[in-house]
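Novice: Quick one: structure below, then a few questions.
The values are calculated or read from the model by the stated rules, or taken from the named source; none is laboratory data. These numbers come from a predicted model, not from an experiment. Because the Cβ atoms are built from the backbone with ideal geometry, glycine has one as well, and the counts that use them run over all protein chains shown.
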Amino acid sequence: MTVAWSFYSARRRVSIKQYVKRRNLGSYDDLIADLADRGIAPPGKEQYITEVGKSPVPSKAKPKPESQKTKTRVKPKSKPKSKPTRSLPKKTKVDLPASEADEAWEAVNSEYSDKDKKQ
């Protein structure tokens, strides 16, 4: 599915001249090839000529001499700090007399068995 240049340029807020300059394109044919790779329908040649001019020549920047190049430092990777482990409170057992524990167990079982019978 191709997108119209008018939609693309309005959405991205870019003109043909800006697009050609950013992508370093030299001619209308280069523009057509680049837009085809991206799935964008190219603008008309008349529109290209009015916005860009007849022969846009990309300015080629001269490489800086070695002495003027900026050097970037590479920081050594440091080990990530380990987070202290969280200590959880200890669970305490509830001591119930055997008779109360049996009664509680029977109450829980009877609730579930009553629900099963109703369904």
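Novice: What pairs come up if the first residue lies in region 4-31 and is under 13 Å from Pro42 (Cα atoms), the second is in a helix (DSSP H, G or I) and among the aromatic types (Phe, Trp, Tyr), and their beta carbons are under 7 Å apart, counting only those six or more places apart or on different chains?
Specialist: Ile16/Tyr48; Tyr28/Tyr48; Leu31/Tyr48
Novice: Working only within region 17-27, note down all residues that are among the hydroxyl-bearing types (Ser, Thr, Tyr) and either in contact with a helix residue (DSSP H, G or I) (Cβ under 6 Å, 6 or more places away or on another chain) or outside any helix (DSSP H, G or I) (or both).
Specialist: Of everything in region 17-27, just one residue is among the hydroxyl-bearing types (Ser, Thr, Tyr) and either in contact with a helix residue (DSSP H, G or I) (Cβ under 6 Å, 6 or more places away or on another chain) or outside any helix (DSSP H, G or I) (or both), namely Ser27.
Novice: Test Val14 against the criterion of being outside any helix (DSSP H, G or I) and at pLDDT 80 or above, and give yes or no.
Specialist: yes
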